[in-house]
1. Condition check: out of contact with any Asp or Glu (no Cβ under 7 Å at 6 or more places or on another chain) and not charged (D, E, K, R). Does Ala17 satisfy that?
2. Every residue in region 60-93 that is closer than 21 Å to Met45 by Cα and either among the β-branched types (Val, Ile, Thr) or in contact with a Cys (Cβ under 6 Å, 6 or more places away or on another chain) (or both), please.
3. Of (1) at pLDDT below 95; (2) surrounded by fewer than 24 Cβ atoms within 10 Å (Cβ to Cβ), Arg36 satisfies all except one. Which?
4. If I filter region 1-19 for residues that are at pLDDT 95 or above and more than 21 Å from Arg108 (Cβ to Cβ), do I get at least one hit?
5. Which residue is surrounded by the most Cβ atoms within 10 Å (Cβ to Cβ), if the candidates are limited to region 41-77 and must be small (Gly, Ala, Ser) and in a loop (DSSP other than H, G, I, E, B)?
6. Could you tell me whether region 10-25 includes any residue that is surrounded by 17 or more Cβ atoms within 10 Å (Cβ to Cβ), part of a helix (DSSP H, G or I) and not hydroxyl-bearing (Ser, Thr, Tyr)?
7. Filter region 8-38 down to residues that are under 16 Å from Gly75 (Cβ atoms) and among the polar types (S, T, N, Q) and give me whichever is farthest from the chain's Cα centre (by Cα).
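The values are calculated or read from the model by the stated rules, or taken from the named source; none is laboratory data. Just so it is clear, the model here is predicted, and its values are computed rather than measured. We place every Cβ from the backbone using ideal geometry, glycine too, and count neighbours over all the protein chains shown.
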Amino acid sequence: MALEFAWKVVKHVKSNAIVYARPGQTVAVGAGQMSRVDSVNIGAMKAQLPLAGTVVASDAYFPFPDGLERAAQNGATAFIQPGGSVKDAEVIAAADQLGVAMVFTGVRHFRH
């Protein structure tokens, strides 16, 4: 339920969007950066509530494991993203190593 909610919210955020959420609640948003990991960090910096136990939605794929790793360090436990990066295997391996869930939608929301 939290992942579905986060996926609906991230659709409406522009450019390298990251949404931290709980069921029915947006906890933080990071967007508008040239780097997805920067959006992850900005979202964490702007959070007014603890990020422990949140889920993360990304409007486009994670091009490298660093964004996923940083969000997990911030307390995220599950991720939803379109997939499609040439480095998806590395991102999946990072998720497995971190013990976090990841859903691939095959749908990209990325907007400028």
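1. Numbers: out of contact with any Asp or Glu (no Cβ under 7 Å at 6 or more places or on another chain): no; not charged (D, E, K, R): yes.
Taking the combined requirement at face value, the residue does not satisfy it.
2. Listed by number, the residues that qualify are Thr77, Ile80.
3. Every listed condition holds for Arg36 apart from (2).
4. The answer is no, given that none of the residues of region 1-19 is at pLDDT 95 or above and more than 21 Å from Arg108 (Cβ to Cβ).
5. Going residue by residue through region 41-77, those that are small (Gly, Ala, Ser) are 43-44, 47, 52-53, 57-58, 60, 67, 71-72, 75-76.
Subset that is in a loop (DSSP other than H, G, I, E, B): 47, 52-53, 60, 75-76.
On the way: Ala47: 17, Ala52: 9, Gly53: 12, Ala60: 19, Gly75: 16, Ala76: 27.
The qualifying residue surrounded by the most Cβ atoms within 10 Å (Cβ to Cβ) is Ala76.
6. Yes; the residues of region 10-25 include at least one that is surrounded by 17 or more Cβ atoms within 10 Å (Cβ to Cβ), part of a helix (DSSP H, G or I) and not hydroxyl-bearing (Ser, Thr, Tyr).
7. Among them, the one singled out is Gln25.
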